[in-house]
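Scroll down for the structure; my scribbles are underneath it.
The values are calculated or read from the model by the stated rules, or taken from the named source; none is laboratory data. Since the model is a prediction, treat every value here as computed from it, not as a measurement. Virtual Cβ from ideal backbone geometry, glycine too; neighbours counted across all protein chains shown.
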């Protein structure tokens with residue numbers, strides 16, 4: 001459906017295993033339930049052997065956050081397990097992902113959606129360019145340090161690459177390496193990444209351009225996966241998000257700190273930055289015409305005037321980037337302007353004439369939740385908390401309480417299950433109303 005097409009100078013990636021893989025709904029995995037086939041990650045690495053079961057809740061939760069695959073030769077066992085009726089699954093309180101698969105077996109792994117080739121595993125991370133320092137290489141692909149430290153290292157590496165975009169093709173190779181590092185990071189720590197980036201967007205306007213690009217790339221790639229786009233399409237939309245503002249990285253950082261009206265020269269630079277960014281990509285060796293078109297047209301307002309269903313694939317990809325770009329801008333602090341609630345931002349950008357989220361809006365909510373990680377909520381008992389991760393339902397996130405019922409801050413955050421009676425979320429809380437400083441490492445340690 002989508003051809004990756006991106007060809008830039010770099011050493012060849014590690015070979016992918018020859019077997020064919022099919023996507024596995026994460027909700028299929030259940031505690032203490034025997035798995036009749038092997039479960040693999042996006043690099044073809046075996047995570048759970050056939051015939052084994054998962055007895056550890058933390059391991060199960062970690063696996064369910066990842067992109068999972070099953071060997072095509074073993075997919076028959078999966079098809080058989082999904083032949084039970086949806087009614088029977090609902091009666092037994094099965095997860096929504098399994099119910100949806102059973103309602104239409106064509107959507108289960110092993111059956112191809114009409115006109116769509118079978119998914120392939122993502123390629124292994126490419127080696128860094130020879131010019132990349134060993135420290136940066138470890139920061140991008142190592143597993144050392146806390147999620148906060150790794151997210152900061154990746155963001156810093158991207159910023160350094162984007163600021164050197166006029167110095168030759170090396171910057172694009174480095175941006176690609178950051179993208180691979182982000183994909184590996186979010187495979188294990190997606191909620192932590194979203195938490196850190198949403199918190200930064202809400203509280204800080206330092207290094208705005210780079211943080212904005214990283215947040216857009218993560219959301220775009222995971223929304224694309226939610227929409228069953230092929231791996232090469234997900235890589236393309238992610239790289240477009242990381243590089244769409246490369247021609248104005250420093251200007252965007254400067255403007256994010258200011259409240260005064262834009263000068264005419266700044267308006268001109270903002271208006272022309274999509275074309276200039278595409279030109280920088282082409283000059284660096286990117287000859288993927290779809291990538292260049294997405295970057296060039298990501299501010300084309302006519303994309304929002306056509307129903308999603310009527311857009312051809314390239315225009316749909318561009319509209320997704322435009323939507324996520326606008327969403328991330330609205331939930332970010334700019335100058336002294338307070339950020340918008342993520343729920344309101346998603347509603348305003350992705351609601352159809354019927355008042356319901358459109359396809360992209362629904363996919364964004366599935367990706368980040370009704371209350372995204374890093375946003376603030378108030379519980380029915382009066383406690384104030386910061387969201388750590390989506391829960392089993394959109395309105396039942398995992399929350400770290402930072403302020404007790406008395407209104408006083410807690411010494412350390414306390415995990416709350418908002419699915420329990422007396423712990424329900426009653427409202428989102430604006431950043432301006434929060435007077436408690438949250439230590440990211442302490443909060444994320446509860447995940």
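Summary table
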item	result
Sole exception among (1) part of a strand (DSSP E or B); (2) out of contact with any helix residue (DSSP H, G or I) (no Cβ under 8 Å at 6 or more places or on another chain) for residue 362, by number	(1)
Selection count, segment 406-427, where residues are loosely packed, with under 10 Cβ neighbours inside 10 Å and either at pLDDT below 90 or closer than 27 Å to residue 147 by Cα (or both)	1
Residue within segment 428-439 that is within 27 Å of the chain's Cα centre (by Cα), surrounded by fewer than 22 Cβ atoms within 10 Å (Cβ to Cβ) and closer than 17 Å to residue 192 by Cα present	yes
Boolean, residue 306 is in contact (Cβ under 8 Å) with a residue 24 or more places away in the chain and surrounded by fewer than 18 Cβ atoms within 10 Å (Cβ to Cβ)	no
Residue under evaluation residue 357, criteria (1) surrounded by fewer than 19 Cβ atoms within 10 Å (Cβ to Cβ); (2) closer than 28 Å to residue 320 by Cβ; (3) touching a strand residue (DSSP E or B) at 6+ places or on another chain (Cβ under 8 Å); (4) touching a residue at least 12 places away in the same chain (Cβ under 8 Å), criterion not met	(4)
Restricting segment 31-60 to residues that are in contact with a helix residue (DSSP H, G or I) (Cβ under 8 Å, 6 or more places away or on another chain) and farther than 13 Å from residue 74 by Cβ, the residue that is modelled with the highest pLDDT	54
Residue among 341, 277 that alone is buried (at least 17 other Cβ atoms within 10 Å of the Cβ) and touching a strand residue (DSSP E or B) at 6+ places or on another chain (Cβ under 6 Å)	341
Pair list, Cβ under 8 Å, 6 or more apart: segment 17-40 residue under 21 Å from residue 231 (Cα atoms), other residue at pLDDT below 70 and assigned to a strand (DSSP E or B)	40/21
Helices (runs of 4 or more DSSP H) fully within segment 247-326 counting 2 or more residues that are out of contact with any helix residue (DSSP H, G or I) (no Cβ under 7 Å at 6 or more places or on another chain)	249-255, 264-283
Test result for residue 318, assigned by TED's automatic domain parsing to the domain that holds residue 259 and either in contact with a strand residue (DSSP E or B) (Cβ under 9 Å, 6 or more places away or on another chain) or at pLDDT below 95 (or both)	no
Residues (assigned to a loop (DSSP other than H, G, I, E, B) and either touching a strand residue (DSSP E or B) at 6+ places or on another chain (Cβ under 9 Å) or farther than 24 Å from residue 334 by Cα (or both)) located in segment 227-246	227, 228, 229, 230
